[in-house]
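Reviewing the structure listed below.
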Amino acid sequence: MAANLGSLAATITANTKPFQKGMKTAGGDMNKMQQGANKFSMKGMLGKLALAAGAAVAFGMALSKVKGQLTELDNLGKTADKLGIGVQELERLRYSASLAGVETAAFDKALEKMTRSVSAAAAGTGAAKLALQSMGISAAELTKLSPDQQMVKLGDALKKVTNPAEKARLAYEIFGREGMNMVNMFDQGSAAIEEQGKKFDKLNGVMSEGDIKGVESANDAMTDLGVAIKGAWRSFTIAMAPVIKLLAKFITFIVQA
């Protein structure tokens, strides 16, 4: 009897081996297919996430650049208005000054000091009065010119002064503390400054007063938007304050309990 049972068990085992093998193979194939599907799905997901992240970063960089330009152009317009000079003319002179090693902030100060010096000289006061007379320039006639034209005229006159000490003194009396830095720019001559201005137009483009006014309006609108968003969050915080208070008390009670 035992021999018959052993033979039957051997026969069943032998007959089921191919089935078991097939099931293992099928199971392995299914596992591989599932892993492949998961891998494919994960790759696709990671690819989409990478694209989304890249787009977000690019958009953020572009927005940052636009905001930076809005601020820069807005400041340019306000500086030009304060100095009574056209925005394009101011940008041209800034470019020429930068080529001579004069920083924008220093140039703007020198230009502002020049306009005040010329105005005071025309009224018969200020240290620049004698400086202009020594160079043979009429302060009254100079006030009839735009600030950029005044600077070019004064620059040509300073270039003719051969004594370095005298040139430095005159430049200081007209342009203030930044006068010595301006001498390097004026030594190029008005013709070179004019050519540099044309080169700047080609490189940077030409802006009109209307363009700057549009930028100023856009910048003001952005400021209004920021104030509105801040106000909305402030109102939301005020409305949520009682809820936050009750929630904080409830959590405190639970922690103590």
Review point. Which one of these is of a type in the set (Ser, Thr, Tyr), closer than 18 Å to residue 159 by Cβ and either open to solvent by 30 Å² or more (accessible area, probe 1.4 Å) or touching a Ser or Thr at 6+ places or on another chain (Cβ under 6 Å) (or both): 134, 119?
Key: 134
Exercise for review: Pull up segment 94-103, narrow it to residues that are open to solvent by 10 Å² or more (accessible area, probe 1.4 Å) and part of a helix (DSSP H, G or I), then point me to the one that is nearest to residue 149 (Cα to Cα).
Suggested key: 94
Point to revise | Matching option when the condition is among the polar types (S, T, N, Q), within 21 Å of the chain's Cα centre (by Cα) and open to solvent by less than 80 Å² (accessible area, probe 1.4 Å), among 217, 235 | key: 217
Practice item. Select from segment 104-116 the residues that are open to solvent by 50 Å² or more (accessible area, probe 1.4 Å) and touching a helix residue (DSSP H, G or I) at 6+ places or on another chain (Cβ under 8 Å) and write down the one among them that is nearest to residue 85 (Cα to Cα). Key: 112
Check your understanding: Could you count how many residues in segment 181-212 are outside any helix (DSSP H, G or I), surrounded by 15 or more Cβ atoms within 10 Å (Cβ to Cβ) and over 21 Å from the mean Cα position of the chain (by Cα)?
Key -> 1
Review point. Is it the case that some residue within segment 126-145 is within 29 Å of residue 213 (Cβ to Cβ) and charged (D, E, K, R)?
Key: yes
**Study point:** Within segment 137-178, considering residues that are in a loop (DSSP other than H, G, I, E, B), closer than 22 Å to residue 87 by Cβ and without any contact (Cβ under 8 Å) to a residue 40 or more places away in the chain, the one most open to solvent (accessible area, probe 1.4 Å)
**Key:** 144
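The values are calculated or read from the model by the stated rules, or taken from the named source; none is laboratory data. Being a predicted model, the structure only gives us computed values, none of them experimental. Neighbour counts are summed over all protein chains in view; Cβ atoms, including those assigned to glycine, are modelled from backbone coordinates with ideal geometry. Ligands, DNA and RNA are stripped out before the accessible areas are found, and what is left, the full protein with its side chains, is counted by its heavy atoms. Shrake-Rupley method; radii C 1.70, N 1.55, O 1.52, S 1.80 Å.
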